[in-house]
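Just below is one structure, and these are the notes that go with it.
Values quoted throughout were computed directly from the atomic coordinates according to the rules given, and no laboratory measurement underlies them. Here the structure is a predicted model, which means the values were calculated and not measured. Note that each Cβ is placed from the backbone with ideal geometry, even for glycine, and that neighbours are counted across all protein chains shown.
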C-alpha cells in the first residue's frame, strides 16, 4: 500500500502536535501542578532579550509580585489598581495576551504592607472549572472561566506590616488557604462549589518551647508559606511551614498528623517534598530542616542548617539535589540526603542588582529565575554549576518564571512577557 505524501505529512504533523501536547502541562497554581516548581516541559527558551525571542508582551497597570497561572488557552493573574482601591483578577488570551475579562472588588480599609510587596501578591489557582483568588482583607473570590462570580468569602482582616503572599490551593473539591500572617493566622479548607468552611485550624502566635521566644512580636513572626498536598508515608497529607515548625494535616478533616521543629520565626518558602522526605526553609537569617516521615508517629530529623542566607523565593528539587536562589543573589545547590553544600554562585546580570525574590523553576534539567533587576538566569540543574545564559528584560520583578506550551511567561512590574516564538 502506498501512502500519499500529503497524507503522510499530515500524519507526521499530527504526531508532532500530540507529542508536544503530551510534554506540555498547565501551570494551574503557584509553583505549578505539583506545587514544587518543577515542570515536565522540554525545549523551553534559553536565550531572550527585550527585542529578542519575544512572542508578545502586554502592559500591566501597576507593579505586582504574583505569578500567572495557566489553563489551556487562558492566563489568570492578580493585579492591584491601588489608585482606584481595586483588587482584581485578569483573564488573558494565552495566544496573544489580549484581555478577555477583569473581575475584582474595591477595598478602602486598612491594608498595611511593605513597599516591595504590592497588593494582590497571592497567585490565583484554577482547576479548569473555576479560578480562585485571595485579596487579603478584601476576601477570597471564586469565578467561573468566563469571569462570572460564583461566590466570595469575607475571612476577616489580614494585618501584618509586610502584607500577605500565601496562595490558595485546590485539591479535589476543596480550596485551601494559609491565612495570615498576623494576630489572626489559620489554615482553612473551603468547599469549592459554595465557599463554605469545611474545616479551620487556628495557628496563633506561639513561641512556647522554642529558643527564639524573644520573637513574641507579631511584626517579626509569621508564615507566607503556600501549602503543598502530597502522598507521604502512605497517606495523603497537606503540609505547610509555620513559624518554628513544619506541620502535616489530613486534607479532608484538618486533623493534625505531626509536627517537626527546626526553622525560625519568619517563613516565606513552600515546603519541598520528595517521597517521604520534607525540607522546610526559614526566612530572615533562617534555618533549614530536613525531615523523614514513616519511621514513627513523628518525623525523624535527617539534617538541619542552623543558619542560612535570607530566603524569600522557594527552591526546587531535581535528581537528588536542592536548588535555590537566595535573597542576596546567591544560588546554591545542596545534596538532598545530607544537606551538604555542593556549590554556590553569586548571580549578577546587566542591571547590577543581585537581590532575588524569585522561586526556582526547573524543567528538563534546567533552572530558571529572575532577580529584582529583571535579569533572568538560566542554569544547569546539576551538581556542577553551569550558567547557560543571562537574559535581561530591563524591568523590575519579584515574580517567578512560568513554563507554558513551550514558552515562558514572565511578570515584571511593567509588563507580562511571553518568551519564545
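Based on alpha-carbon positions alone, could you give the equivalent ellipsoid semi-axes of the range 43-97 from the gyration tensor, as √(5λ), descending, whole Å? Provide the component values of the computation, followed by the final result.
Details: eigenvalues 115, 42, 19 Å².
Computed over the range 43-97, the values are 24, 15, 10 Å.
Under a no-solvent Debye model with one identical scatterer per Cα of the range 340-392, what's log10 I(q)/I(0) at q = 0.26, 0.28 Å⁻¹?
Normalising to I(0) and taking log10 leaves -1.08, -1.19.
Nearest 500 deg cm²/dmol is fine: what mean residue ellipticity at 222 nm does the chain get from its DSSP H runs of n ≥ 4 alone, each adding -39,500 (n - 2.57), divided by its residue count?
Details: 1 runs with 19 residues, N = 421.
Counting only the DSSP helices, I get -1500 deg cm²/dmol.
Just to be sure I understand: if I project the alpha-carbon convex hull of the range 91-216 onto a plane and average over all orientations, what area do I get in nm²? Walk me through the numbers before you get to the answer.
On the way: hull surface 38.4 nm².
Result: a mean projected hull area of 9.6 nm².
Only Cα pairs within less than 10 Å get springs; with that Gaussian network setup on the chain, which residue of 126, 113, 369 has the largest fluctuation?
Comparing 126, 113, 369 in a Gaussian network model of the chain, the most mobile one is 113.
When DSSP assigns beta bridges and you keep just the ones with both residues in the chain, what percent turn out antiparallel, to the nearest 5? All intermediate terms of the calculation are to be shown ahead of the outcome.
Numbers: 109 of 113 bridges.
Antiparallel bridges: around 95 percent, rounded to the nearest 5.
Give the peptides 249-259, 228-238, 398-408 in descending order of average Cβ contacts within 10 Å, highest first. Please report the intermediate quantities before stating the final value.
Numbers: 249-259: 15.9, 228-238: 17.7, 398-408: 24.0.
Order by mean packing, descending: 398-408, 228-238, 249-259.
In a Gaussian network model over the chain where Cα atoms closer than 10 Å are linked, find which of 147, 315, 172 has the largest mean-square fluctuation.
172
Normalise the Cα radius of gyration of the chain by 2.2 N^0.38 Å (N = residues in it) and let me know the number. Could you put the intermediate results ahead of the total?
On the way: Rg = 21.0 Å, N = 421, 2.2 N^0.38 = 21.9 Å.
The reported ratio for this selection is 0.96.
Quick one: order 370, 317 by neighbouring beta-carbon count within 10 Å, fewest to most. Present the calculation step by step, with values, prior to reporting the outcome.
Values: 370 31, 317 22.
Ascending Cβ contact count within 10 Å gives the list 317, 370.
Fewest first, what order do 321, 114 take by the number of other Cβ atoms within 10 Å? Intermediate results must be reported in sequence, preceding the final value.
Details: 321 19, 114 11.
Ranking 321, 114 by Cβ neighbours within 10 Å, fewest first, gives 114, 321.
Hey, what did the chain get for relative contact order, percent, Cα under 8 Å, at least 6 apart?
Computed value for the chain: 14 percent relative contact order.
Take 220, 76 and order them by how many other Cβ atoms sit within 10 Å, fewest up front. Walk me through the intermediate numbers first.
Working: 220 16, 76 24.
Going from sparsest to densest Cβ surroundings: 220, 76.
Could you run the Debye sum over the Cα atoms of the range 68-150, one equal point scatterer each and no solvent, and tell me log10 of I(q)/I(0) at q = 0.14, 0.18 Å⁻¹, two decimals?
Cα-only, vacuum Debye calculation for the range 68-150: -0.44, -0.71.
Work out, step by step, the length gained on full extension between residue 202 and residue 50: first 0.36 nm times the residue separation, then minus their alpha carbon distance; give nm to one decimal. If you can, show how the numbers build up before the last one.
Values: separation 152, 0.36 × 152 = 54.72 nm, distance 4.60 nm.
That pair, residue 202 and residue 50, stretches by 50.1 nm at full extension.
Tell me, what is the percent relative contact order of the range 203-314, built from C-alpha pairs under 8 Å that lie six or more residues apart?
Working: 267 pairs, mean separation 21.6, N = 112.
Contact order relative to length: 19 percent.
To two decimal places, what compactness ratio does the range 203-314 give when its Cα radius of gyration is scaled by 2.2 N^0.38 Å? Don't jump to the answer; show the numbers that get you there.
Values: Rg = 13.2 Å, N = 112, 2.2 N^0.38 = 13.2 Å.
Cα Rg divided by the expected 2.2 N^0.38 Å: 1.00.
Averaging the inverse of every distinct alpha carbon separation and then flipping it gives the Kirkwood radius. What is it for the range 255-336, in angstrom units? Intermediate results must be reported in sequence, preceding the final value.
Values: mean 1/r = 0.0769 Å⁻¹.
13.0 Å is the Kirkwood radius here.
Which residue, 93, 356, 65, has the most motion in a Gaussian network model of the chain that connects Cα atoms within less than 10 Å?
Greatest mean-square fluctuation among the candidates belongs to 93.
Work out Dmax and Rg for the range 316-421 from the C-alpha atoms and quote the Rg first, both in angstrom.
Final numbers for Rg and Dmax: 13.2, 41 Å.
Below 8 Å, C-alpha to C-alpha, sequence gap of six or more: please give me the relative contact order for the range 299-421 in percent.
Values: 308 pairs, mean separation 20.8, N = 123.
It comes to 17 percent, rounded to a whole number.
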